[in-house]
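Only one structure is covered here, and it is reproduced in the block below.
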Amino acid sequence: MCLLIGVTAAFDEEEDRCYLSRLYVDAVVRAGGVPVVLPPLPFEMAATVLDQMRGLLLSGGGDLDPAYFGEEPLSGTGKVSPRRDVFELALARAALIRQVPVLGICRGMQVLNVAAGGTVYQDLVLGVKQPLKHFQEAPRWYGTHHIEIHPGTKLAGIFNVSRLRVNSFHHQAVHRVAPGFRVSAVAPDGVIEAIEAGAHPFGVGVQFHPEGMWEKESVFLGLFTALVAAAGGKRRPLEKW
Ligand code: MN
């Protein structure tokens, strides 16, 4: 069976160029899926394109335009790609409504949360007193801070541990968790490190970068195999989100 997993590409507005790290592609392949790299397309195409996929991976990258969660930009907001924002938000909404398995990584987790009605701290320092170093200078494959995984969550089922050391390359964090989602992991400073959708076969967001770690620590491949396994399951009927 050929399980097509759409993987969103980043878009550099200045260089006019789409790109995606090899690490996402190889993780999906190793997990048994066939990655299809999706450039930012007109948002009206999102649902049609998603219908050809069995799963969706929202990759990491820059910041969402805070207008999408009803805020003016604060000085902490970084690089924004309007084309990427509009397409990924449409894809995320379609995946939630159409019950298509979706994994959001880093920025992808923020996209899932905002698509479902949640908000984001434009910069960690705005919401967290004495935050840990969440933008590590250690190599990508190296875990630098712990997360506590909440028991009974999908994430706990995937990793089978309650505490895990993860890498960290973010300056933003989920603020208000979207209706229908729950927190499945937090860092010791209280920063939300994973969320998941309740009434959905597989709607998982993680703040860390498992694609950067699985080659050295195979436990992190579990997120991709869980996505592909869910993608291989029966499609559920449309649901109101
Ligand atoms: Mn972190």
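Bear in mind that the values in this text are calculations on the coordinates, not laboratory data. Quick caveat, the model's predicted, so the values are computed rather than measured. Neighbour counts are summed over all protein chains in view; Cβ atoms, including those assigned to glycine, are modelled from backbone coordinates with ideal geometry.
If I model the range 101-241 as equal point scatterers sitting on the Cα atoms and use the Debye formula, what is log10 I(q)/I(0) at q = 0.11 Å⁻¹?
-0.37
List the trypsin sites (Lys or Arg not before Pro) in the range 178-238 that DSSP assigns to loop (not H, G, I, E or B) and whose Cβ has at most 15 other Cβ atoms within 10 Å. Which are they?
LYS216, LYS234, ARG235
Please identify, among ALA197, ALA138, ALA67, the residue showing maximal mean-square fluctuation in a Gaussian network model of the chain using a 10 angstrom Cα cutoff.
Looking only at ALA197, ALA138, ALA67, the largest GNM fluctuation is found for ALA67.
With a 10 Å Cβ neighbour count serving as the proxy for reagent exposure, in which order, fewest first, do CYS18, CYS2, CYS106 appear?
CYS2, CYS18, CYS106
About the Cα centre of the range 1-74, what is the dipole size in debye to 20, counting +1 per Lys and Arg Cβ and -1 per Asp and Glu Cβ, all else neutral?
720 debye
What relative contact order, as a whole-number percentage, does the range 89-189 give when Cα pairs under 8 Å and 6 or more residues apart are counted?
Normalised by residue count, the contact order of the range 89-189 is 33 percent.
Using a simple spin-label model with points 7 Å from Cα along the Cα→Cβ vector, what separation in nm is obtained for GLU137 and GLU215?
It works out to 2.4 nm between the two label points.
Antiparallel as a % of all DSSP beta bridges within the chain, to the nearest 5?
Given both bridge residues lie in the chain, the antiparallel proportion sits at roughly 55 percent.
Give the shape of the range 158-222 as rounded, prolate or oblate, defined through the alpha-carbon gyration tensor: a ≥ b ≥ c are the square roots of its eigenvalues, a/c under 1.5 means rounded, and otherwise the shape is prolate if a/b is larger than b/c and oblate if not.
Here the range 158-222 falls in the oblate category.
Treating cross-link reach as a plain straight distance, find the lysines whose alpha-carbon is under 24 Å from the alpha-carbon of LYS154, omitting any fewer than eight places away in the same chain.
The qualifying lysines are LYS216, LYS234, LYS240.
I'd like to know which of LEU4, PRO42, ALA178 lies farthest towards the positive end of the charge dipole of the chain, counting +1 on Cβ of Lys and Arg and -1 on Cβ of Asp and Glu.
LEU4
Restricting attention to the range 14-105, which trypsin sites (Lys or Arg not before Pro) occupy a DSSP loop and are surrounded by at most 11 other Cβ atoms within 10 Å?
LYS79
Taking the Cβ of each residue in MET109, MET53 as the centre, tally the other Cβ atoms inside 10 Å and list the residues starting with the fewest.
MET53, MET109
In nm, give the distance between the simple-model label positions of LEU41 and CYS18, each being 7 Å from the Cα along the Cα-to-Cβ direction.
Distance between the two pseudo-spin positions: 0.9 nm.
Can you give the local net charge around HIS150? Use residues other than it whose beta-carbon is closer than 15 angstrom to its beta-carbon, Lys and Arg +1, Asp and Glu -1.
Here the charged neighbours net out to 0.
Going through the range 8-52, which GluC sites (Glu not before Pro) have at most 11 other Cβ atoms within 10 Å and a DSSP loop state?
GLU14, GLU15
Between SER75 and VAL34, what length comes free when the chain is fully extended (0.36 nm per residue of separation minus the Cα-Cα distance, one decimal in nm)?
10.8 nm
Hey, got the dipole for the chain? About the Cα centre, +1 on K and R Cβ, -1 on D and E Cβ, debye to the nearest 20?
920 debye
Which FRET efficiency value, to the nearest 0.05, is calculated for HIS146 and THR48 with the Förster distance at 45 angstrom and r the Cβ-Cβ distance?
0.60
Looking at the chain as a GNM with Cα springs under 10 Å, which of GLY212, GLY78, GLY70 has the largest mean-square fluctuation?
Answer for the Gaussian network model of the chain: GLY70.
For VAL161, VAL174, what ranking results if the residue with the fewest other Cβ atoms within 10 Å of its Cβ goes first?
Least to most surrounded, the residues fall as VAL161, VAL174.
Quote the FRET efficiency, to the nearest 0.05, computed for ASP189 versus PHE169 with a Förster distance R0 of 22 Å and r equal to the Cβ-Cβ distance.
Efficiency, from the Cβ-Cβ distance: 0.85.
Across bins of 5 angstrom width beginning at 0, how are the C-alpha pair distances of the chain distributed, in whole percent?
Pairs per bin, as whole percents: 1, 7, 15, 20, 22, 18, 11, 4, 1, 0.
How high is the FRET efficiency between LYS234 and LYS129 when r is their beta carbon distance and R₀ equals 51 Å, given to the nearest 0.05?
0.65
Putting +1 on Lys and Arg Cβ atoms and -1 on Asp and Glu Cβ atoms, find which of MET109, TRP141, HIS200 reaches farthest to the positive end of the dipole of the chain.
Going by the Cα projections, it comes out as HIS200.
Under a 10 Å cutoff between Cα atoms, tell me which one of GLN52, GLN99, GLN172 has the largest fluctuation in the Gaussian network model of the chain.
In this elastic network of the chain, the residue with the biggest mean-square fluctuation among GLN52, GLN99, GLN172 is GLN52.
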